[in-house]
Amino acid sequence: MDETARPRRVAAVPPVPEDLAAPAPATAEELMAQVAKGDERAFEQLYTQLSGPVYGLVRRIVRDTAQSEEVAQEVLVELWKTATRYSPDKGSALNWAMTLAHRRAVDRVRSARASTEREQKATFEAARERPFDEVAESVTASLERSQVRRCLKFLTDLQRESVLLAYYQGYTYREVADVLSTPQGTIKTRMRDGLIRLRDCLGVTA
């Protein structure tokens with residue numbers, strides 16, 4: 001057999017000494033300490049570690065994808081700005097971040113809810129200022145406006161809101177559901193019950 005055809009023996013690779021091995025990735029707590037000193041590269045690593053958990057928590061509270069992304073970004077920026085306030089004595093860096101995330105997410109939900117309530121209040125205030133002719137005509141053309149106004153007082157607040165939006169302002173079931181942040185099926189039930197009570201109050205026969 002030709003000696004040159006023999007496979008060459010591969011020398012065993014010696015183990016890498018521990019002092020030359022790749023260093024273990026920094027912990028979030030270590031990164032926070034570096035971020036507190038203004039280390040931007042440390043913040044990039046911290047961002048990679050915490051962005052997923054932060055977004056996940058915010059998404060469960062806020063629900064809306066775009067708003068959740070926005071709130072998560074705000075939380076991570078706040079981590080950069082307030083890193084000097086963090087101390088391992090207060091818990092892990094992850095818990096610190098999640099606490100900030102929960103607070104921001106709850107604030108966003110409350111703010112959105114308050115905005116919706118202001119819009120609804122403005123809508124209903126405007127409705128009160130308009131004559132009740134449209135509502136009266138929707139129920140029955142032969143009834144006086146004052147009768148409709150009197151009978152509307154016997155409806156529950158939820159029934160009255162739904163009926164006013166649909167029969168006074170011309171909203172569809174879906175639009176009423178969106179305005180009141182209520183399932184469409186519930187809106188239909190409110191409308192049906194409200195109109196039955198109006199019919200009974202006004203003495204309209206089926």
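Based on Cα positions only, what radius of gyration and what Dmax would you give for the stretch 16-99, in angstroms?
14.5, 51
For residue 26 and residue 192 in the same chain, what is the full-extension length gain: residue separation times 0.36 nm, less their Cα-Cα distance, in nm?
Taking residue 26 through residue 192 to full extension adds about 53.5 nm, to one decimal.
Can you tell me the length gained on complete extension of the stretch residue 41 to residue 90, counting 0.36 nm per residue apart and subtracting the Cα distance?
The residue 41-residue 90 span can extend by a further 15.2 nm.
Laboratory data are not the source of any read-out in this text; all were calculated from the coordinates shown. These figures come from a predicted structure and were not determined experimentally.
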